[in-house]
Structure formats: structure tokens, C-alpha cells
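Report on the structure given below.
The values are calculated or read from the model by the stated rules, or taken from the named source; none is laboratory data. It should be emphasised that the depicted structure is a prediction, and the values quoted were computed from it without experimental measurement. All Cβ positions, glycine included, derive from the backbone under ideal geometry; neighbour counts span all protein chains shown.
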Amino acid sequence: MASRYENRRLLRNGNEIYFHIFEERGVNHIVQYATPVLDPVTQEERLRINKIQKVWTVGDRLYKLAAEHYGDPKLWWIIARFNSKPTDSHFKLGEMVYIPMPIETMLEYYGE
């Protein structure tokens with residue numbers, strides 16, 4: 001199964017603004033995953049790939065859309081990548097979200 005953490009860069013965060021968190025955890029830094037840089041989908045690819053359109057509304061989350069359309073919430077990153085938006089917070093209310101289908105094609109397309 002493809003994981004959103006595969007091939008992700010790890011960052012060591014020792015910024016002093018997090019000192020209280022470090023102190024609470026008994027560490028001097030934390031390790032975080034970097035926000036991924038997503039390859040944009042070309043216009044040609046968009047036309048070739050089947051997709052469902054949905055308007056982003058209050059309460060929408062990428063993992064919920066993945067669970068509904070793919071049967072697996074862990075595949076939320078497929079929708080994020082197809083829309084060139086790495087997280088839920090990059091979507092605006094009323095914005096069109098494209099859910100590429102079928103999932104097997106998308107996993108093959110993204111080399112996962």
C-alpha cells in the first residue's frame with residue numbers, strides 16, 4: 001500500500017520557540033516531515049484522467065474524500081497531489097476539488 005510518508009524529507013526542528021514542548025518531552029529537538037512539493041498535473045493529463053468534481057464545503061477533509069471514493073482514508077494524498085494542494089488548509093470554501101478515478105490508475109500514474 002502506498003504511504004504518504006514514502007520518500008518524504010525529514011527535518012530536525014530545534015527552534016527555540018518550541019522550547020516548552022522540548023522541555024515537556026525531555027528532548028532538545030523534534031523530527032518533522034517536510035511539506036511535500038507536488039508535481040503539477042498538466043492540462044493534457046487532466047483531460048485524460050477521469051475525475052469526480054466536488055465543491056469544497058465546511059467539514060470536508062481530504063482523508064474523508066479518500067475514504068468515500070477510494071475506500072481508504074490513507075490515500076488522501078492522491079487527491080491532494082492531483083489538485084496541487086498538499087493539505088486541507090490549501091482548499092478554500094466553494095472551490096472545486098477534483099477526485100481522480102479509478103484509484104488503481106492513479107497509483108500506477110504516480111508510480112506508487
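Here is how the numbers come out for the structure above:
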| item | result |
| --- | --- |
| Residues of the range 90-101 that turn out to be more than 17 Å from residue 67 (Cβ to Cβ) and assigned to a loop (DSSP other than H, G, I, E, B), as a count | 4 |
| Residue 64 over 19 Å from residue 50 (Cβ atoms) and at pLDDT below 95 | no |
| Members of the range 76-89 found to be within 10 Å of the chain's Cα centre (by Cα) and closer than 18 Å to residue 34 by Cα, listed by number | 76, 77, 78, 80, 81, 84, 85, 86, 87, 88 |
| Within the range 58-89, tally of residues that are exposed (fewer than 14 other Cβ atoms within 10 Å of the Cβ) and in a helix (DSSP H, G or I) | 3 |
| Filter result for the condition that a residue is surrounded by 13 or more Cβ atoms within 10 Å (Cβ to Cβ), at pLDDT 90 or above and in contact with a strand residue (DSSP E or B) (Cβ under 7 Å, 6 or more places away or on another chain), over 106, 96, 101 | 101 |
| Total residues in the range 48-57, condition at pLDDT below 95 and in a loop (DSSP other than H, G, I, E, B) | 1 |
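Per-residue answers, yes or no, for (1) β-branched (Val, Ile, Thr); (2) assigned by TED's automatic domain parsing to the domain that holds residue 104; (3) touching a strand residue (DSSP E or B) at 6+ places or on another chain (Cβ under 9 Å):
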site	(1), (2), (3)
54	no, yes, yes
59	no, yes, no
62	no, yes, yes
66	no, yes, yes
78	yes, yes, yes
